[in-house]
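**Student:** I have a structure here, written as structure tokens, and I will follow up with some questions on it.
Bear in mind that the values in this text are calculations on the coordinates, not laboratory data. In this text, all values refer to a predicted model and were calculated from it rather than measured experimentally. Cβ: placed from backbone, ideal geometry, glycine included. Neighbour counts: every protein chain shown.
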Amino acid sequence: MVTGGDVTVVIPSLPERAAWLERAVRSVDRQSAPPADIIIHVDHARAGAATARNTALAKVTTEWVAFLDDDDEFHRDHLETLIAAANKSGADLVSSNGEPDIRGWRNVLQCCYKGILVTGAEHIPWGPQQMDHLDARQGVRCPHCNGKRGNFILVTNLVRMDHVEKAGGFPQPGSMGTSFAGWAAEDYLFLLALRDTGARFHHVTGRCTFTRHHHAGNSERRFTAPRVDCPHPDRWHSTDDQSTEIEVAELVAAMVTATQPDFVIETGTAYGQTAELIGRALKRNGQGQLVTLEVDPERASSAEKRCQGLPVEVVQASSLEYTPPGPVDFVWFDSLCDLRPVEFRRWLPYMHDRTVVGFHDTGPQHPVRKLLQPLETEGLITPLYLPTPRGVCFTRVTPKIG
Ligand SMILES: C[S@@+](CC[C@H](N)C(=O)[O-])C[C@H]1O[C@@H](n2cnc3c(N)ncnc32)[C@H](O)[C@@H]1O
């Protein structure tokens, strides 16, 4: 029977992250099932997360170890929940869900479930299919769902130390080869190494037992450099380089709330981040429909699942082929940069003098602003450009007469 006394919490950190580390440690101190010990390794040598965790692991004397990143926080019942699940399942690795600290942030990790690719994969139970899906060394495509294999388990796990030892701790990036997706992520390689030792995995579904903060990790600074009109891109957040900055997606949804449209179009759904938020806004409004267009079939299908239950139709088609069924009240242009003016001109006949449109990627580093210039010169739009990382503008439309 595992108890808190059998667990050591390991936290790797960096010197400049002391304030976050303090918060992380406070969350361990508040555990309803207190651990035997906390081992912190501050990586002054900048040797990397694998070495930092391994240095700390070398000092663990308990039967189990629980990992916590220095910028995250355990909920009060985190260890109690994982320990109970370890006792019940007999598994060697127990994982759970993390609650995002940013509204609108969605986990884009994907996994297969009953033969289909599911986004937000932390919420599904693990079985042999999921373990097959995890292991990208076995080939790019998952034999069950045909989606791309890869990691979907966060590092905030409880793991049996004898398996950690058998796995040799956290492998260095690249040490398991470089021919598969994720080869550079030490936390992913650790899972693969554990899998190779025969470790059994168990996942606690349906509830969150820790908070994932999104500082450096999800900062838009990863994709956008500071510039004069947007000196602090680190204040915005994004899940990947395809999905809109979360704060901007929320603004688009707020526009939908403010303008109460009946018919909305989005070009370029990607993983459905903005589509979901627009859909929620329309649902709250009590009327209105979003048609969102995406050429990539995998993205379209994952967005469709994400938007289930919302007034959102994900159409897997090019914006250049789509014809609206009637008047268009709100459009969010977010497919390929070069397509923005082409899409606008195609749908202008369906716009009216209450139509509001938004164009993404209008920052000076993108070609969009220049491409919109002729529309401005012709008097069709009068955009308000906002100084966000990738750039965004909103405008009323002067419809074409005749
Ligand atoms: C920047 S992403 C869109 C981000 C998304 N709106 C969000 O809120 O996260 C651009 C997407 O446009 C898609 N795309 C490219 N050309 C397209 C077209 N002609 N019609 C529809 N989608 C297109 C790409 O596959 C890509 O997923």
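**Student:** What list of ³J(HN,Hα) values in whole Hz, one per residue of segment 126-139 in order, does the Karplus curve 6.51 cos²θ - 1.76 cosθ + 1.60 (θ = phi - 60°) give from phi, with Gly and Pro shown as x?
**Tutor:** 8, x, x, 4, 5, 5, 5, 5, 5, 8, 5, 5, 7, x
**Student:** Among Lys114/Lys305; Lys148/Lys283; Lys283/Lys305; Lys114/Lys148, which pairs are too far apart, with a Cα-Cα distance over 22 Å?
**Tutor:** Pairs exceeding 22 Å: Lys148/Lys283.
**Student:** Roughly what % of DSSP beta bridges within the chain run antiparallel, to the nearest 5?
**Tutor:** DSSP beta bridges in the chain are roughly 40 percent antiparallel.
**Student:** Moving on. Mind listing which trypsin sites (Lys or Arg not before Pro) in segment 1-110 are in a DSSP loop and have 14 or fewer other Cβ atoms within 10 Å?
**Tutor:** Answer by residue number: Arg30, Arg46, Lys59, Arg76, Arg103.
**Student:** Another question, if that's okay. Determine the calculated [θ] at 222 nm for the chain from helices alone, applying -39500 (n - 2.57) to every DSSP H run no shorter than 4 residues and normalising by the residue count; nearest 500 deg cm²/dmol.
**Tutor:** Result for the chain: -8500 deg cm²/dmol, rounded to the nearest 500.
**Student:** Out of Ala300, Ser27, Met351, whose Cα points farthest toward the positive end of the dipole of the chain (charges: +1 Lys, Arg; -1 Asp, Glu; placed on Cβ)?
**Tutor:** The residue sitting most towards the positive pole is Met351.
**Student:** Does segment 4-215 come out rounded, prolate or oblate, given a ≥ b ≥ c as the square roots of the eigenvalues of its C-alpha gyration tensor, rounded meaning a/c under 1.5 and, failing that, prolate meaning a/b above b/c?
**Tutor:** Judged from the Cα gyration tensor, segment 4-215 comes out rounded (a/c under 1.5).
**Student:** Give the residue from Leu375, Gly206, Trp126 lying farthest towards the positive end of the charge dipole for the chain; charges sit on Cβ (+1 for Lys and Arg, -1 for Asp and Glu) and the dipole is referred to the Cα centre.
**Tutor:** My answer, from the dipole projection, is Leu375.
**Student:** Give me the extension gain from His366 to Ala225: residue separation times 0.36 nm, minus the current Cα-Cα distance, reported in nm with one decimal.
**Tutor:** 49.5 nm
**Student:** Multiply the residue gap between Thr257 and Val140 by 0.36 nm, knock off their C-alpha separation, and tell me the result in nm, one decimal place.
**Tutor:** That works out to 38.0 nm of additional length.
**Student:** Using the beta-carbon distance between Lys148 and Glu99 and R0 = 35 Å, what value does 1/(1 + (r/R0)^6) give for FRET efficiency, to the nearest 0.05?
**Tutor:** Using R0 = 35 Å, I get an efficiency of 0.85.
**Student:** While we're on this one: Counting only residues 5 or more places away or on other chains, whose amide H sits under 5 Å from the amide H of Val356 once H atoms are built in the peptide plane?
**Tutor:** The list, which skips near neighbours in sequence, is Phe330, Val331.
**Student:** Mark the label point 7 Å from the Cα of Met131 along Cα→Cβ and return the residues of segment 53-89 whose backbone N is within less than 15 Å of it.
**Tutor:** Under 15 Å, as judged by backbone N against the label point of Met131, lie 89 of segment 53-89.
**Student:** I've got another one for you. Out of Thr209, Thr156, Thr224, any idea which swings most in a Gaussian network model of the chain, alpha carbons joined below 10 Å?
**Tutor:** Answer for the Gaussian network model of the chain: Thr224.
**Student:** By per-residue mean of other Cβ atoms within 10 Å, what is the highest-first order of 322-328, 129-135?
**Tutor:** Put in order of decreasing packing, that is 129-135, 322-328.
**Student:** What is the extension gain from Ser318 to Arg284, computed as 0.36 nm multiplied by their sequence separation minus the C-alpha to C-alpha distance, in nm to one decimal?
**Tutor:** Extra length from Ser318 to Arg284 when fully extended: 9.4 nm.
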